[in-house]
Every structure is written in C-alpha cells, then in structure tokens.
Amino acid sequence: DPLLPHNTFDLGANATQPVWITVSVPKDARPGDYTGKARLVAQGTALAEIPLTLHVWDFGLPEVSHVGAIYDVGPTDVAKNWRKPAEEVRWDIIRFMAKRRLCPDRVPVSPTIRYEDGRAKIDFAAFDRAAAIYFDELKLPFSYTPWDFYLFGWGFPPAERFGEHPYPGKPPYEGADRSKLRPEYKKAFQACLKAFWDHVGQKGWQDKFVLYISDEPFDTQPAIREQMKALCAMIHEVDPKIPIYSSTWKHVPEWDGYINQWGFGHYGIVPPEVMAKRQAAGDRLWFTTDGQMCTDTPLCAVERLLPHYCFKYGQTAYEFWGVAWTTYDPFRYGWHAFIYQSDQPGKSYYIRYPNGDGFLLYPGPLVGQPGPISSIRLEQAREGVEDYEYLCLLKALIAKAKASGKDTVQAEAAMAQAGRLVAIPNAGGRHSSKILPDPEAVYKAREAVAVAIEGLHDALR
C-alpha cells in the first residue's frame, strides 16, 4: 500500500518488485504522445529498459475541483510518528493532499472564540491567514466550521459550549427534555455562530463552510431525535442557509427540514429516489464512507469510484474520517490495535477498526523521509477526483454542442459508458471486486470520455 519514494531497492532471486511511476503534466504542455524509458540498473549495468508512453490530452482540468474528496487530517502520535510540531505536520499533510486534489476536513487554525458579558469576542487574525492559504492558495473547495460548533456524536447529549450547558443539571442530563435547550445556551451559541458566519461572509468564504453538527447520531433513541431537531433549529435561527451536515448514513424522515446536508451511505442504504426527493427539496447530499477504504480491499475500487457515484447521483462531495490515524507503525503492521471507546453515556468497550481504516498516507519520518508518503489508495482517490472533472467537462460540452446543433452521439455514449461503472445498490466498499470486477473498465471509460472531450472541442471551434 505505501508508495515508498525510492529509486533503489534490493531484489532477490525469483521475486517480483512493482514500481509506481507518477508523471506531472504542466499546464503549458503541448498535447500529444511523449516517449521515454525506465532503466533498471544494477552495479552500473543496465539489466532492462522498459519503454514508456505518455499521452497528453488537448484540454486541462480546473484549479478548483467541483467535487470534494474530504478526509479528516488528524495525525496521531505526532511526536513519535512525525517528529515535528503538530501544526507543521497538519500543514504538511494539507499541502500534500491539495497537490492530489483531496480536501482536508477543515482550515487547520481556528479563531479564538470567547463569550463574555453577553457578547461574542473573536480573534480572527490567525484564522484569516490560514483560511487565505487554504482557499486562495491551495484552492481547496470545502471546510467544516471550527470544532467549537460541532455539537454531539453517536448517542451523547450536546456538548457544553461557550461556558453554557445545553440542559439543566449535569451530563448526561437524566430526565431532561431534550427538545428544549437552555435559553442561556442558545444565546451564547447563536452569538458566536453569527459572529463567525458574518465574518466568513464578508471574506467571501461562506459557500465553502459546512457546519458538521453530529457524527453518526443514534436516531433510534428518542432523546437523540429530539435534541437534533432542537440544535438544528437553534442554528437556523441564526441563518436558515447555514448548511448543517451529519453523517447519518441513512435517511431519517423526522429530521427533514432540520438537517439540510445529509451524509448518506453510497451502497444503497438510501434508495436513489429518496436522495432525489431530498435534493428536490433543496437539501445538499454527500456520501459518508467510514470503514470502507481499507488495505484488505482488492482493486482499490471504492477510492477510485466514489467521485463517479457523486457525479451520477448528484452529490457534491464524499467524506472519510481519517487520512493519518494510526495505532501501530503502519510500515510494520497491517492491522490496528484494539482501542477503548464509548459511544453513549455509560457504555464503553474495546474495538479494533478494519485494516488500514483511518489512514491513506504514511508518516515518512518512520522510514527516513521528511514528510507524508502516499499510498496506492490515496493515488486512486486522486484519480477518481480527476475522473469527475473529465465528466464535468464533457457534460458542459455536450450541452454546448447540442445548443449549436452539433452531433453528440459519441460523447453521450462515452458519458453512458462511465455511468455504467457504478450503481446503487451495490455490495459496498469492502467488496470492491464485486463493484468493479474489471479494473480496466475505469481506464477504458476515462479514455472514451477524453476522446469525446477533444472531439467536441474540435467540433465547436
């Protein structure tokens, strides 16, 4: 899985060593075929020469991606694994991801938010500098709002925020009416959220931010259903246009009109007709994908295909819970340690997450490299985002060609060929050989789309 950045290696008899070659094409490269070769040399003697051909298409991809491939950064064991300050590590990872068209979960510097004397007092200086790098320099499409506005996960009551408790008494607020938040809690939260929302609006960043309210809420519990509605109502009193996201996986009809940005599973837990209905109601949809981008899934299909699911079913992003979360040295062990976690008050247990779950890049300092090391899975995630941009280009060209009376039969056939790569329902991300039994189908579809793009470009000149 890790793509070690080495050009030397020991190769024993009767052994096979794959080599991964990445080519970067500058914007001003002339289209056409470029040829070269890879030479395998031992002790000064060339053992083999492998011819390489690179085809550069006569079109470019936009600087800002139209789809978000969002991965929480959250590096673990920073001192041990990365051997530099956590802030530097986060920026290293963010820049590494941005070069591959992958989106971190959030601007890595939060504003300093205080609530005093009935007013929000916020220092935005460091946050603004970081956000300018994040959005303007690195061209990243999305960010969650600061963690100050995240409210609860799983089966827990809302968190204390800005010095106020959500309900009378102490956590876990036994017997409290979860539908009624303390007025002091609402006032403090709304004042701080309004100050933040107004500020990013003035900066022109409002359309980039999404308020992540809750991770995998336990909707089967009546108290959780009630508190979700109360919290969403509190947020929408500040501005009904604030996108409230929750990785619910499934559709919870009781939350219609409250959550307006759903995190659905891509494998069929929510039927396409239900997704279409929520979109028609004005909701925005993302796919949530935890536990599926693992090292024991052949073909790396879900990493490559998630943007195809997004394109076909009208989603603007998918999100995954970790790009750098490890429990062991991932170069030495292919599995996670058991961890102790709690998902609701009074319930704790040990659990081991699937192999490779939570990380798609590796800490380079563990093998003598200064920064992050990519993986086959991470590179397939990048390829998928680029596939999405191909499809966006072709869709726009088809519309333009039709308006001009041009023939679009070949282009529409290429679009349909790409669309057949994915379907809902499906076997799910950890059954990648079932959702993509022929890996070559992806490359054939991408080539057909590229040929169609060039053809329509020529026809419209």
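The values are calculated or read from the model by the stated rules, or taken from the named source; none is laboratory data. Worth saying up front: this structure is predicted, and the values here are computed from it rather than measured. FYI the Cβ positions are ideal-geometry reconstructions off the backbone, even for glycines, and counts take in every protein chain you see. Surface areas here come from the heavy atoms of the whole protein model, side chains and all, with no ligands, DNA or RNA. Shrake-Rupley method; radii C 1.70, N 1.55, O 1.52, S 1.80 Å.
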Residue 299, sole failed condition from (1) at pLDDT 95 or above; (2) of a type in the set (A, V, I, L, M); (3) in a helix (DSSP H, G or I):
(1)
Residues satisfying the stated conditions in segment 372-424, i.e. under 20 Å from the mean Cα position of the chain (by Cα), closer than 18 Å to residue 316 by Cα and basic (Lys, Arg):
382
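Residue-by-condition table, conditions (1) surrounded by 14 or more Cβ atoms within 10 Å (Cβ to Cβ); (2) out of contact with any Gly (no Cβ under 6 Å at 6 or more places or on another chain); (3) assigned to a helix (DSSP H, G or I); (4) not small (Gly, Ala, Ser):
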{"site": "273", "(1), (2), (3), (4)": "no, yes, yes, yes"}
{"site": "286", "(1), (2), (3), (4)": "yes, no, no, yes"}
{"site": "291", "(1), (2), (3), (4)": "yes, yes, no, no"}
{"site": "294", "(1), (2), (3), (4)": "yes, no, no, yes"}
{"site": "303", "(1), (2), (3), (4)": "yes, yes, yes, yes"}
{"site": "311", "(1), (2), (3), (4)": "yes, yes, yes, yes"}
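Look at residue 184 and say whether it is touching a strand residue (DSSP E or B) at 6+ places or on another chain (Cβ under 8 Å), open to solvent by 10 Å² or more (accessible area, probe 1.4 Å) and acidic (Asp, Glu).
Yes; evaluated as a whole, the condition is true for this residue.
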Out of (1) within 26 Å of residue 216 (Cα to Cα); (2) open to solvent by less than 50 Å² (accessible area, probe 1.4 Å), the one residue 131 does not meet is (1)
Any chance segment 428-445 includes a residue that's open to solvent by 50 Å² or more (accessible area, probe 1.4 Å), of a type in the set (A, V, I, L, M) and at pLDDT 95 or above?
no
Among the residues of segment 1-41, which ones are within 29 Å of residue 59 (Cα to Cα) and among the polar types (S, T, N, Q)?
22, 24, 35
What number of residues within segment 333-345 satisfy the criterion of being surrounded by fewer than 14 Cβ atoms within 10 Å (Cβ to Cβ) and at pLDDT 95 or above?
7
If you scan segment 187-220, which residues turn out to be open to solvent by 50 Å² or more (accessible area, probe 1.4 Å) and of a type in the set (S, T, N, Q)?
202, 206, 220
Sole residue being open to solvent by 20 Å² or more (accessible area, probe 1.4 Å) and of a type in the set (A, V, I, L, M), chosen from 396, 381, 418:
396
Only one of 258, 267 is closer than 10 Å to residue 429 by Cα and open to solvent by 40 Å² or more (accessible area, probe 1.4 Å); which?
267
List the residue pairs whose Cβ atoms are under 8 Å apart, where the first residue sits in segment 206-228 and is in contact (Cβ under 8 Å) with a residue 40 or more places away in the chain and over 22 Å from residue 286 (Cβ atoms), the second is open to solvent by less than 40 Å² (accessible area, probe 1.4 Å) and among the small types (Gly, Ala, Ser), and the two are 6 or more positions apart or on different chains.
221/155
When residue 257 is evaluated against the numbered criteria (1) of a type in the set (Gly, Ala, Ser); (2) modelled with pLDDT of 95 or more; (3) within 24 Å of the chain's Cα centre (by Cα), which criterion, by number, is the only one it fails?
(3)
